[in-house]
Ligand code: BEZ
């Protein structure tokens, strides 16, 4: 049988399905992600410092993600008992509750499907991956971070807003785009469109690089 250990999902792939135990009960992933945006993120291990800051960061942004119709779901290669003990410990120490489900990927099957096991980094712990999955179940953006560098919540939020805004308005986002900034309009496909563009009020460097406000 094909070795699935190093599978790397790609942008544009449909999110691989699985069934797993989580801190909110058993889930079938395809059901969980149905009709909403989803951010699936892995962390190397429970009861570790960087992971605690990251998971707390996601938990504290609960209202932001809900406001963006986005479900969260975490994962690590730990047992459900370890997850529950860690959730309890963080709540007692800091008052922050991890309400989103955390997958107990003890047999590493989900980590393998999602390229979270990167053996040059660790054979047994998932790297810090973030998958942005759209309401149709398609993977739209992937981040991978090593074990010793925490992710940037601001960038995760920015990337989500950028994806959703790009979809809604059929535009692209330039370098360092933030909500409220001008967006890039698609290049013209015909000479007639190019001439129309010259008459438009777009901010233009040239016909292929034009920006507009939303
Ligand atoms: C951490 O979350 O602090 C951590 C986990 C695994 C390896 C290194 C750091």
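Things to note:
- Residue within the range 138-145 that is touching a residue at least 24 places away in the same chain (Cβ under 8 Å) and assigned to a loop (DSSP other than H, G, I, E, B) present: no
- The set of residues in the range 61-86 being under 12 Å from residue 22 (Cα atoms) and in a helix (DSSP H, G or I) consists of 80, 81, 82, 83, 84.
- In summary, residue 192 fulfils each of the numbered conditions (1) at pLDDT 95 or above; (2) at negative phi; (3) exposed (fewer than 11 other Cβ atoms within 10 Å of the Cβ) with the single exception of condition (1).
- Residues being assigned to a helix (DSSP H, G or I) and within 15 Å of the ligand (Cβ to nearest atom) - total across the range 24-55: 7
- Meets criteria (touching a residue at least 12 places away in the same chain (Cβ under 8 Å) and not in a strand (DSSP E or B)) for residue 129: no
- Selection status of residue 175, touching a residue at least 40 places away in the same chain (Cβ under 8 Å), surrounded by fewer than 19 Cβ atoms within 10 Å (Cβ to Cβ) and within 30 Å of residue 204 (Cβ to Cβ): no
- Residue in the range 141-148 that is within 16 Å of the ligand (Cβ to nearest atom), surrounded by 22 or more Cβ atoms within 10 Å (Cβ to Cβ), in the same structural domain as residue 37 (by TED's automatic domain parsing) and farther than 15 Å from residue 55 by Cβ present: no
- Residue within the range 25-46 that is over 19 Å from the mean Cα position of the chain (by Cα), surrounded by fewer than 17 Cβ atoms within 10 Å (Cβ to Cβ) and in the same structural domain as residue 130 (by TED's automatic domain parsing) present: yes
- Filtering the range 120-136 to residues that are away from the ligand (no atom under 15 Å from the Cβ) and surrounded by fewer than 17 Cβ atoms within 10 Å (Cβ to Cβ) leaves 135, 136.
- Residue 58 being touching a residue at least 12 places away in the same chain (Cβ under 8 Å) and either within 16 Å of the ligand (Cβ to nearest atom) or surrounded by fewer than 15 Cβ atoms within 10 Å (Cβ to Cβ) (or both): yes
- Of all residues making up the range 149-163, the number that are part of a helix (DSSP H, G or I) and either touching a residue at least 24 places away in the same chain (Cβ under 8 Å) or within 16 Å of the ligand (Cβ to nearest atom) (or both): 7
The values are calculated or read from the model by the stated rules, or taken from the named source; none is laboratory data. If you're wondering where the values come from, they're calculated on a predicted model, not measured in any experiment. Please note: Cβ atoms are built from the backbone with ideal geometry, for glycine as well, and neighbour counts cover all protein chains shown.
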